[in-house]
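Scroll down for the structure; my scribbles are underneath it.
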Amino acid sequence: MPELPEVETTRRGLHPHLIGRVISDAKIYSGFERLCLNTDVKELTDRLIGQRIEGTDRYGKYLIFWLSSGDSLIVHLRMTGALVLRNISSLGGKYERARLTLESSPNCPFEIVSFDDVRRFGTWNVVNHVRDGLARDIGPDALASDFTADSLISVLRQKTCTIKSALLDQSTLAGLGNIYVDEICFLAGIDPRKRSNTISRKKSEQLFTAIRDTLNKALDQGGSSFSDYVNAHGMPGGALDHCNVYGRAGMECYRCGQTIKKIKIVGRGTHYCPKCQHR
DNA sequence: CATCATGTTACACG
DNA sequence: GCGTGTAACATGAT
């Protein structure tokens, strides 16, 4: 479930505790080697151990850790992954798949970064160039300054698929997932089945504003608390308590009172208000 | 027991 | 090439 706000919330929680720390050990537990995208686990751990973490970053739903060697560790949480800070003495959770151990620091109570992942879809990758660790055709980050209303308009014009599908596609823009796409379409007043290339300039501008507003608001609330999501301190977020349509099928629209509907688009559960959102 | 679920990729088909 | 549907990945919740 982690979408851009959850990934960014994780990054912000980790950042102050990781900066300048040296990785003394890295482990991927037996049976979970698949999370490692490097050619083998030993190569990945060898490239992590002994490195200082110089910075953190995020691109779409990818977390990026800059290492003193010049390499970067790139983590994708996929459906149920979480990076959680722990004390050296605390026991790993039931779903811990990997961990980093950090050299102890007088100012920081955490020596462990656990990678917990119930469904085991998450990935780790150590690469020399960040681009090599991202999907090849990834679009601009949804909150970055190079993503503008104009760039959204031009990319939406080129697609004939539904707007729901276009916004979920990480090559259109990076960071949105199923929950926030439904919320964004509601805010912009657009039926999620509407064809991307039939959206007017004015509506696209509203869509752009809705994307920024939805993501920033979710960030203010510490990400959504759907399913297993927890931040770097193991705490859930609260953004789902404020959804207009997601998870509200059969309930009244807060704006107009109509019953929120749930349909399937490109195989994904899609929630919308038939009165507030137009084709 | 059957169905559904946040993300992503691969593949078949029209 | 494009869009869509489906399966797959692994697991828990209902």
note = For the range A:56-108, the count of residues that are more than 16 Å from A:Tyr29 (Cα to Cα) and of a type in the set (D, E, K, R) equals 7
Conditions (1) within 23 Å of the chain's Cα centre (by Cα); (2) away from DNA strand C (no atom under 16 Å from the Cβ): number failed by A:Gly177 = (2)
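Yes/no per residue for (1) closer than 30 Å to A:Lys217 by Cα; (2) out of contact with any Phe, Trp or Tyr (no Cβ under 9 Å at 6 or more places or on another chain); (3) not in a helix (DSSP H, G or I):
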{"site": "A:Pro5", "(1), (2), (3)": "yes, no, no"}
{"site": "A:Leu14", "(1), (2), (3)": "yes, no, no"}
{"site": "A:Ser24", "(1), (2), (3)": "no, yes, yes"}
{"site": "A:Lys42", "(1), (2), (3)": "no, yes, no"}
{"site": "A:Gly50", "(1), (2), (3)": "no, yes, yes"}
{"site": "A:Asp57", "(1), (2), (3)": "yes, no, yes"}
ask   = For the range A:232-246, what are the residues that are touching a helix residue (DSSP H, G or I) at 6+ places or on another chain (Cβ under 9 Å) and free of Cβ contacts under 8 Å to residues at least 40 places away in the same chain?
value = A:Met235, A:His242
task = State the number of residues belonging to the range A:111-142 that are of a type in the set (D, E, K, R) and open to solvent by less than 40 Å² (accessible area, probe 1.4 Å).
result = 4
request  = Give A:Arg11, A:Arg58 a once-over and let me know the one that is basic (Lys, Arg), in contact with a helix residue (DSSP H, G or I) (Cβ under 7 Å, 6 or more places away or on another chain), in contact (Cβ under 8 Å) with a residue 24 or more places away in the chain and within 16 Å of DNA strand B (Cβ to nearest atom).
outcome  = A:Arg58
task = Could you tell me which of the residues A:Ser171, A:Ser145, A:Ser154 is open to solvent by 10 Å² or more (accessible area, probe 1.4 Å), small (Gly, Ala, Ser) and assigned to a helix (DSSP H, G or I)?
result = A:Ser154
key: Matching strands (runs of 3 or more DSSP E) fully within the range A:60-103 where at least 1 residues are in contact with a Lys or Arg (Cβ under 7 Å, 6 or more places away or on another chain), open to solvent by less than 10 Å² (accessible area, probe 1.4 Å) and over 20 Å from A:Val130 (Cα atoms)   = A:96-102
ask   = In the range A:184-217, which residues are assigned to a strand (DSSP E or B) and open to solvent by less than 20 Å² (accessible area, probe 1.4 Å)?
value = A:Ile190
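The values are calculated or read from the model by the stated rules, or taken from the named source; none is laboratory data. In this text the structure is predicted, and so the values were computed from the model without any measurement. Glycine gets a Cβ as well: all are built from the backbone with ideal geometry, and neighbour counts include every protein chain shown. Protein only, heavy atoms only, side chains kept; ligands, DNA and RNA dropped before computing areas. Shrake-Rupley method; radii C 1.70, N 1.55, O 1.52, S 1.80 Å.
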